[in-house]
1. Let me check I've understood the local charge: for LYS330, count other residues with C-beta under 13 angstrom from its C-beta, Lys and Arg +1, Asp and Glu -1. What total comes out?
2. Pairs of alpha-carbon atoms within less than 8 angstrom and 6+ residues apart define the contacts here; what relative contact order does the stretch 238-338 have, in percent?
3. Taking every pair of distinct Cα atoms and averaging 1/r, then inverting, what Kirkwood hydrodynamic radius in Å comes out for the stretch 238-339?
4. Calculate the length of the line joining the C-alpha centroid of the stretch 25-44 to that of the stretch 258-283, in whole Å.
5. Would you be so kind as to identify which of ASN151, SER125, VAL230 lies farthest towards the positive end of the dipole of the stretch 90-234, taking Lys and Arg as +1 and Asp and Glu as -1 on Cβ and the Cα centre as origin?
6. How big is D, in µm² s⁻¹, for the stretch 33-74 by Stokes-Einstein at 4 °C and 1.567 mPa s if Rh is the Kirkwood radius over C-alpha pairs?
7. Report the Cα centroid-to-centroid distance between the stretch 68-112 and the stretch 129-176 in angstrom, as an integer.
8. Using the alpha-carbon atoms, what tilt in degrees (0 to 90, nearest 10) does helix 166-182 show relative to the longest principal axis of the chain?
Amino acid sequence: MSEVKILSVSKSFNSSKVLNNINIDIKNGELISLLGPSGCGKSTTLKLIAGILNPDEGDILFDNKSVLKLKTEKRDAAIVFQEYLLFPHMNIYENIAFGLKVKKIPKKDVDSRVSELLETIKLSSEKYKYPSELSGGQKQRVAIARALAINPKILLLDEPFSSLDINLRNEMREFVLEIQKKYNITTVLVTHDKEEALIMSDRIAVMLDGEIKQFDTPYNLYKSPKTKEVANIFGERNYIKGKLINGVFKADNINIDLNNNESYEEIEIMISKEDIILDEAKENNCNIATIAKKRYVGDKTYYEVKYNDYTLKLSSTNDGLEIGDNMSLKFNSHNIKYFCEK
Ligand SMILES: Nc1ncnc2c1ncn2[C@@H]1O[C@H](COP(=O)(O)OP(=O)(O)OP(=O)(O)O)[C@@H](O)[C@H]1O
Ligand SMILES: [Mg+2]
């Protein structure tokens with residue numbers, strides 16, 4: 001349990017800047033994600049928090065005290081990597097107990113702590129098995145239990161689920177959330193999976209090219225991204241360029257009332273796939289769109305429609321529309337976001 005502050009941190013490798021002026025504050029017991037594409041500096045940030053690397057500039061504080069002079073083992077931050085890195089010659093019990101033995105904790109305290117963790121990860125009956133006898137998900141649970149054994153103030157998870165299949169991944173996400181809440185442990189999760197970040201995080205730091213582009217709640221990041229580049233991290237949307245005149249967006253053959261009083265000569269609106277609604281076309285309806293593509297994905301169907309000169313992408317729970325169907329089209333205008341950047 002600890003607050004973490006990353007203050008104006010920069011880091012270069014071989015004179016190429018990998019992190020540029022990173023600022024993140026993490027509250028006690030909060031789970032935040034570092035989300036961004038490969039190479040953007042996520043693992044480097046995690047290693048700086050753990051003390052595996054040191055920043056070139058800036059400071060890192062745990063509970064308002066700088067930890068830069070503290071070695072990794074003195075920081076009370078436990079890191080779990082994508083590869084489980086269990087000790088192959090030790091059984092599960094010994095793997096989890098390892099950190100406690102290094103700290104010379106009395107045997108009976110080690111026993112009770114390891115038993116509690118084995119129960120939490122639901123592997124009490126497997127404690128004499130060796131890592132090679134476990135499934136991927138079981139190994140990952142042991143790795144997390146081993147990290148938690150020493151009662152770390154901060155749990156650092158570097159893409160811990162990416163090698164698991166989708167069902168196991170969902171199970172492990174729930175498991176980590178349960179443990180994280182149970183022990184109220186400040187957690188930083190590194191992921192490049194937007195869905196994982198949205199599901200798990202209290203807040204997400206969106207990283208691109210070594211910078212934090214927006215640090216916000218999942219809801220705000222999805223609904224109100226500050227820039228198009230942040231919006232694009234959270235999936236494909238529709239963009240239309242035009243002008244805004246007293247709150248009415250106007251482009252070729254499109255008028256959408258955004259219900260405000262603002263005016264801009266040049267803006268670009270962003271419409272999410274779920275904010276375009278198809279309805280049965282009526283005779284006198286002028287907003288007619290024609291289905292051009294259909295992709296059924298089970299719980300929803302993606303359609304591409306031609307609307308005037310535009311091609312729009314949308315998702316719908318109606319899976320019964322076919323290519324060539326003419327539908328009337330509406331926008332959830334209150335969810336439309338716009339950017340004035342060039
Ligand atoms: N020890 C190092 N020496 C030199 N360059 C490094 C070192 N560690 C990382 N880098 C470089 O720094 C950049 C950021 O690496 P980092 O591992 O932080 O990325 P990441 O966001 O975790 O990517 P991924 O999602 O692929 O794991 C990359 O260009 C990488 O090549
Ligand atoms: Mg990485």
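1. Values: positive: LYS282; negative: ASP257, GLU274, ASP275, ASP279, GLU280.
That works out to -4.
2. Values: 219 pairs, mean separation 29.9, N = 101.
Computed value for the stretch 238-338: 30 percent relative contact order.
3. Details: mean 1/r = 0.0707 Å⁻¹.
Evaluated on the stretch 238-339, it is 14.1 Å.
4. Computed from Cα coordinates, the inter-centre distance equals 33 Å.
5. About the Cα centre, the residue reaching furthest to the positive side is ASN151.
6. Values: Rh = 11.2 Å.
Result for D is 116 µm²/s.
7. Centre-to-centre (Cα) distance: 14 Å.
8. 60
The values are calculated or read from the model by the stated rules, or taken from the named source; none is laboratory data. Source: prediction; values computed, not measured. Positions of Cβ are backbone-derived with ideal geometry, glycine not excepted, and every protein chain shown enters the neighbour counts. Surface areas here come from the heavy atoms of the whole protein model, side chains and all, with no ligands, DNA or RNA. Shrake-Rupley method; radii C 1.70, N 1.55, O 1.52, S 1.80 Å.
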